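The values are calculated or read from the model by the stated rules, or taken from the named source; none is laboratory data. Source: prediction; values computed, not measured. All Cβ positions, glycine included, derive from the backbone under ideal geometry; neighbour counts span all protein chains shown.
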Amino acid sequence: MPPSRDMALLILGLLVPVSGCDQWGDNYELTVELPRLPAAWRAASEIGAYELRWVAHGREQRLRVEFDPSSDARGVVRLRLPKRPNVAVLAYPVTYDGVLLKPAGAIVPLELRSGGRVRLRFERGPPAYLLYRLDRDGRGGAAVNAARLVAEFEARLGELRWWPDWVAVLDAFERGVFRVTMLRAVAQHRVELALPPGAYRPADLLAPPRHLPAVAPSEVLLPEGVHRWFSEDGERFVTIQVGPGGTVAAVSVVRPRR
């Protein structure tokens, strides 16, 4: 998806004003606003840090930022980012036992605001993740029409935003045959789970909690792949692997010590 002429002009217009005295260099410093946790997670003590990731000049960069999960304040960090199209910045929520959840994201300069500010949002995580993977793996994310990619993710996947066939999509980009029609969710299946009753938060922080009744096993609808759930009472961390045809390949329930 090559960028349109209008998008190219927009990119050029954005790069100069925010770069200041460094406008002729390869990088600029931007203020990145960290995402607030959704309400279902804010009161929990499950998350206390973000791990930021981005790619600069062919190398992955990482930065860990601690924060107070109960605070309503939006934290900010200053990042030095390369001046080129489609720099994806990710912020992975990190649980107290070190598990990385689905990240928030932003795409620069597409989402650059006045004053050189960028806001990370969980809604933007999947398209930002795709561009980040293209850059990290050397597959040329800078040439993608990012505005259209964002729109297609929202229109074609909706609440299943984290469940395209990532392997097939990345392979299609590498072979130069990607089409937006490939942004479709993997198959979902009704599976039975024998778990203690209660509410479980998925690793996608925008997804609503899953409520399992006292009767066991419980039947739930899940896409193929690996799912990570966290009980609202903090007692269980569950990993569920759903295979082709809806077979449950593995279920593990742990709760590491704090």
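In a residue-by-residue description of the range 23-39, the property of being at pLDDT below 65 and either surrounded by fewer than 17 Cβ atoms within 10 Å (Cβ to Cβ) or not assigned by TED's automatic domain parsing to the domain that holds D233 (or both) applies to at least one position.
Given the criteria under 22 Å from Y50 (Cα atoms) and out of contact with any strand residue (DSSP E or B) (no Cβ under 8 Å at 6 or more places or on another chain), does R124 qualify? No.
Looking only at the range 215-225, filter to residues that are among the aliphatic types (A, V, I, L, M) and surrounded by 15 or more Cβ atoms within 10 Å (Cβ to Cβ); which one of those is farthest from V191 (Cα to Cα)? Step through it out loud before you land on a result.
Initially, the range 215-225 is screened for residues among the aliphatic types (A, V, I, L, M), giving 215-216, 220-222.
In the following step, the residues that additionally are surrounded by 15 or more Cβ atoms within 10 Å (Cβ to Cβ) were identified as 220, 222.
Working: V220: 6, L222: 7 Å.
Taking the candidates together, the pick is L222.
Just to be sure before I move on: is R201 over 21 Å from L90 (Cβ atoms), of a type in the set (K, R) and not assigned by TED's automatic domain parsing to the domain that holds A40 in the structure I sent? Judged against the criteria, R201 is not a match. Among the conditions (1) under 16 Å from L101 (Cα atoms); (2) in contact with a helix residue (DSSP H, G or I) (Cβ under 8 Å, 6 or more places away or on another chain), the only one that A185 does not satisfy is (1).
When the range 168-227 is filtered for residues that are closer than 19 Å to P127 by Cα and of a type in the set (V, I, T), the ones remaining, listed by number, are V169, V177, V180, T181, V186.
Going through the range 226-258 one residue at a time, which ones are on the phi > 0 side of the Ramachandran plot and surrounded by 15 or more Cβ atoms within 10 Å (Cβ to Cβ)? Of everything in the range 226-258, just one residue is on the phi > 0 side of the Ramachandran plot and surrounded by 15 or more Cβ atoms within 10 Å (Cβ to Cβ), namely G246.
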